[in-house]
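What follows is a short report on a single structure.
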Amino acid sequence: MQEYSENDPRLESIKNLLSMLEASGKKYDIDKVKTSYLYAADLHEGQFRASGEPYIIHPICVAEIVAALGLDTDSVCAAFLHDTVEDCSDKTNIETIEKKFGPDVATLVEGLTKMVDINIVDKEEAQMENIRKMLLAMSKDIRVIFIKLCDRLHNMRTLDAKPEAKRRTTALETMHVYAPLAHRLGMQRMKQELENLALRYLDPIGYAEVTKHIEEKYGQNRDFIDNVRHRVAEELDKNNIKYTLEGRVKTVYSIYRKMYNQSKEFDEIYDFYALRIIVETELECYTALGIVHEMYKSVPGRFKDYISTPKPNMYQSLHTTVIGRQGIPFEVQIRTREMHHVAEYGIAAHWKYKSGAQSKEDIDRKLEWVSKLVDSESENIDPDDFMHSLKIDIFHDETFVFTPKGDVIALPQGSTLIDFAYAIHSAVGNKMVGAKINGMISPIDKCPQNGEIVEIITSASSKGPSRDWMKIVRTGEARSKIRQWFKREKRAENIVIGRSDIDREIAKIAKKTTEAQRTEIITNVAHRVGMNTADDLCNIIGYGGMMVSKIVPKLKDEVERVVKPEEEPPKVIEAEDVKTVSSPVKGKSGGVIVDGQHGCAVKFAKCCNPLPGDSIIGFITKGYGVSIHKRDCPNVVNGMKTDEFFHRWIRAEWDMADIKQSGNNNLFEAMVHVFVDDNIGIIAGVSTALAEMRVSILQINTTKRPNGDNIISLKFACKDTSHLESVISKLRSVPHFKNIVRG
Ligand code: MN
């Protein structure tokens, strides 16, 4: 892909970077690095930084910091290109960069371009945490955060050139957002430099004061420090340990924080002095510790073994505090070179890069990292919180969106603008009439993306949320707030909607029901679910407080109970469950001889209403005597098919003598269904006909059939089958008569 000349004089500017890459011992695609640099240099040609130097100096410096972290070729290329899409939009774009440098570089540059500069002045700590999470979430690839931190570090190093106001906001952002991110990623060196630089701009006087104290202290005690180093070195040499010693390890910011947060005088800072011993092996760490403890008195309770128990951000080291000559305490940190590297660079030292799709193992490995990342000892960080924030990075399950005021709202992935509105306040959601994303009008069911600015348009004349919103929203919070609104504002409408939903369910169960039957069914179901009226039930279904599917089984029960059996498909009833009526005959046999015996307790089945003259059969019930059916009753025909009850059917016959003796006062119940093709005046016609025959009507019902016919169901007092026959022939003469059957 070499598109440049090796003699291009501009390559001189990245000589330092190239030698760093070479010295790293890692494999870098040097052609790609050079090409991306020259492309960025072309794009930034003619642009200058606030300091007056050519703009390209900044990307070069960022690339050097990236290389020092040990990041890969694509990260170095992205560092060169990180400002091109935003600052040179007339000359390039993400697509072009993808074509030239591949999808990985393009993703990194895109992530860096999207990463907004946030105005965090006057934000509360909770907001800061959301912003940190958002940055993690926005950088789908953790390398984006690494490069962003390098970019920020260089901007901080050169902040002097910016105007005062800008310096302050940039420093605040660095202190509250970027330094904590670096800390969480275990990048101690990055974190410390960011903090020190930020402090310089946020409290120049305090910074100068602490710096002066440190210089003085070291100046005054140069002997002390030198002496300690010298003596420790001597002992290590005696034990044949290869080592590196570092003397000045406390940062300005760490001392500043102790002084101001814990209100301590500079002289009270306990562990101001520190000596770091870097050795080769873990065993040597413990050997060195033994040597130090032999040389100096150790301070009880100050020994910490982070080698056997690493900090969650992977930090490993031995810490101890000892008392030196003149009673001056100092801390000693002992670790291997490898541990030291991790301590300085954190995740960046270990992060593995892999092109292509993530395998399951990759994700497992990342999760393992996550569990190590949580530094429970660090200040004010809820470990669960951080676990969560890194999971976002891996599983992308949360979206962070700005309000126009710059607050960050966290929403589950897939949330819509409606969810956003309700997340701000239910009053905002209820009055919502539209929304804008980044200033552009947008449909309210749209899902905003990380980092977008969302504005909700409300109107006092809004009629409130739409019922459809409940199907659109993603969050339970929005759904319940919408439901609340409907519950409160729209009872009448809810009842109508709920009623039609329930009616539809009833229609699925029974084809034909009357309005009155449906009301009865719904009222019964309402009582069964603990509500007072049918309207209450319709209301809760209407506003979505209960799913209609939840009451379907009860609806089925009640439909069965309320709707007439002839509406039902034929169904086998257990003979012994058949409803019965007592014999009207008070004679010695009750009107029936069962298996040759007089005087059995008998009842007449209501399914077939047997009359004297009908061929009959008995069924021995459990404890209720013998129930008498017509021999051709469907329940008898079906019931006798089952072996289980076969032995309980028993011969029965009318005791005509007994019936005659009881006289005409004792009448049986007869049931007929009269089919007519119009029901106008029909009940009057039927009752007149029966009155003429001096037959008393016990019950009369009408039912409309799907084909438009009407059925008059008639129960009346009847002597026997011949009496029934005469009534039936009389009924054949009523107007609109079509047919008649016995019930
Ligand atoms: Mn930059």
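The values are calculated or read from the model by the stated rules, or taken from the named source; none is laboratory data. Because the structure is a prediction, the values reported are computed rather than measured. Don't worry about glycine lacking a Cβ; one is built from the backbone with ideal geometry, like all the others, and counts go over all protein chains shown. Note: accessible area is taken over every heavy atom of the protein model, side chains too, but ligands, DNA and RNA are not part of it. Shrake-Rupley method; radii C 1.70, N 1.55, O 1.52, S 1.80 Å.
Worth a mention:
- Residue count, region 201-229 (criterion: in a helix (DSSP H, G or I), in contact (Cβ under 8 Å) with a residue 40 or more places away in the chain and over 25 Å from residue 327 (Cα atoms)): 3
Yes/no per residue for (1) among the hydroxyl-bearing types (Ser, Thr, Tyr); (2) in contact with a strand residue (DSSP E or B) (Cβ under 6 Å, 6 or more places away or on another chain); (3) part of a helix (DSSP H, G or I); (4) modelled with pLDDT under 90:
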| position | (1), (2), (3), (4) |
| --- | --- |
| 107 | yes, no, yes, yes |
| 113 | yes, no, yes, yes |
| 136 | no, no, yes, yes |
| 147 | no, no, yes, no |
| 156 | no, no, yes, no |
| 174 | yes, no, yes, no |
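- Across region 235-252, the number of residues qualifying as surrounded by 11 or more Cβ atoms within 10 Å (Cβ to Cβ) and more than 24 Å from residue 189 (Cβ to Cβ) comes to 5.
- Residues of region 550-561 that are open to solvent by 20 Å² or more (accessible area, probe 1.4 Å), in contact (Cβ under 8 Å) with a residue 12 or more places away in the chain and not charged (D, E, K, R): 552 alone.
- Residue in region 655-668 that is touching a residue at least 40 places away in the same chain (Cβ under 8 Å) and basic (Lys, Arg) present: no
- Hits in region 476-492 (condition: open to solvent by less than 20 Å² (accessible area, probe 1.4 Å) and either closer than 15 Å to residue 417 by Cα or assigned to a loop (DSSP other than H, G, I, E, B) (or both)): 478, 482
- Scoring residue 706 on the criteria (1) out of contact with any Gly (no Cβ under 6 Å at 6 or more places or on another chain); (2) surrounded by 15 or more Cβ atoms within 10 Å (Cβ to Cβ) leaves a single failure, condition (2).
- Residue in region 144-156 that is open to solvent by 20 Å² or more (accessible area, probe 1.4 Å) and within 13 Å of the ligand (Cβ to nearest atom) present: yes
This table checks each residue for (1) crowded, with 22+ Cβ neighbours inside 10 Å; (2) outside any loop (DSSP other than H, G, I, E, B); (3) of a type in the set (Gly, Ala, Ser).
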| residue | (1), (2), (3) |
| --- | --- |
| 609 | yes, no, no |
| 622 | no, no, no |
| 637 | no, yes, no |
| 641 | no, no, no |
| 653 | no, yes, no |
| 657 | no, yes, yes |
| 684 | no, yes, yes |
| 700 | no, yes, no |
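- Qualifying residues in region 96-107 (those that are buried (at least 16 other Cβ atoms within 10 Å of the Cβ) and under 23 Å from residue 46 (Cα atoms)) - the one farthest from the ligand (Cβ to nearest atom): 100
- Some residue of region 446-460 being part of a loop (DSSP other than H, G, I, E, B), under 21 Å from residue 544 (Cα atoms) and either within 20 Å of the chain's Cα centre (by Cα) or at pLDDT below 90 (or both): no
- Residue match in region 72-95 (condition: more than 16 Å from the ligand (Cβ to nearest atom), open to solvent by less than 30 Å² (accessible area, probe 1.4 Å) and within 18 Å of residue 142 (Cβ to Cβ)): yes
- Lone qualifier among 51, 5 - being open to solvent by 50 Å² or more (accessible area, probe 1.4 Å), touching a helix residue (DSSP H, G or I) at 6+ places or on another chain (Cβ under 6 Å) and not in a helix (DSSP H, G or I): 51
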